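Peer 1: I am attaching a structure below and will ask some questions about it afterwards.
Each reported figure results from applying straightforward, stated rules to the coordinates on display, with no laboratory input. This is a predicted model, so every value here is computed, not measured.
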Amino acid sequence: MRLPTPADLCWNVKCSPDQEWIERTLRIAVENVWPQALEAAHSRNGHGSHVVEIVESAIEHAVCRLKTGDPLGPEQVTQLLQRLVLQEVRRRRRANGRMVFVGSSDELPPTPVRNPQIQIDCALDLKIILQGEPPDVRLALLLRYSRFRWSEIAAALGTTEAAVRLRCKRAIERIREKQEGEQHES
Amino acid sequence: MIVALSRSSRKDAVTLTEHPFIPFDNEDDSLLFEKLQEHVLAHYPNPERKGCPDPAVLKSLIDNPGDVTLVELNDLHIFKCAECTRLLMELREKKKQS
């Protein structure tokens, strides 16, 4: 992010001639505080896009305090501004309900379905898993599901056990994957 | 490829499977289909028997599996019906005992 000039950030500082030191010391303080403000805003809020608003708000509070006290040097004003910046960052974080926004939803990886009912339907809906399988594979799996042995299924379909198992291999692997996924979810 | 020791449902049959997803299964997939049945019984109740094939068709499936078509079985309906699954298991058990 481009570093704004102190004049950019102190645009609303209006002081009487006898308090001109406030604007002068605040400009130095802003230059000192800016990198830390940017880092604090980024680490606590997840992004630094509001750092200008945060520093401006801190400057406003600083001016209110400095106007009621004795003149301070740049180091003391820097410390005051640092404290006020951190307070403002914390206030904004609380105002956001303690949520931390990191990036956007577009950057999130796809997540597994969390709705338990949808999960069941997606995970082990054999009708969906076996969609597109040829009729002989569907029937063979129905028979295996009905506790027929592979040799009996082969006899019923007029083929060999090895052939029917080979035909069903891919579908069974898909079922296994879904079942394993469901076990991990539950 | 993960090679894991697997157990069959029978105590005397201990085999090795190279499948990475289900480490404990026997080589004829019995455990997989048992788990599927349990899943269907638990998650797909169908007390009104909507879409169920005629019980005679299910009996025929058990007695003469080569004579039944997918159309008669309402395609893969059984995979989403606890009632049909239960009836099939009973019929199969009776068939084994007879």
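Peer 1: When we measure straight from the Cα of A:Lys14, which lysines land under 16 angstrom away, once same-chain ones fewer than 8 places off are left out?
Peer 2: Filter leaves A:Lys67.
Peer 1: Please list the non-local residues whose amide H lies under 5 Å from the amide H of A:His50, H modeled 1.01 Å from N, same-chain partners needing a gap of 5 or more.
Peer 2: Correct list: empty.
Peer 1: Hey, another quick one. Taking a threshold of 22 Å on the Cα-Cα distance, which of the pairs B:Lys59/B:Lys96; A:Lys169/B:Lys94; A:Lys127/A:Lys169; A:Lys169/B:Lys95; A:Lys127/B:Lys96; A:Lys127/B:Lys95 fall above it?
Peer 2: Correct reply: A:Lys169/B:Lys94; A:Lys169/B:Lys95; A:Lys127/B:Lys96; A:Lys127/B:Lys95.
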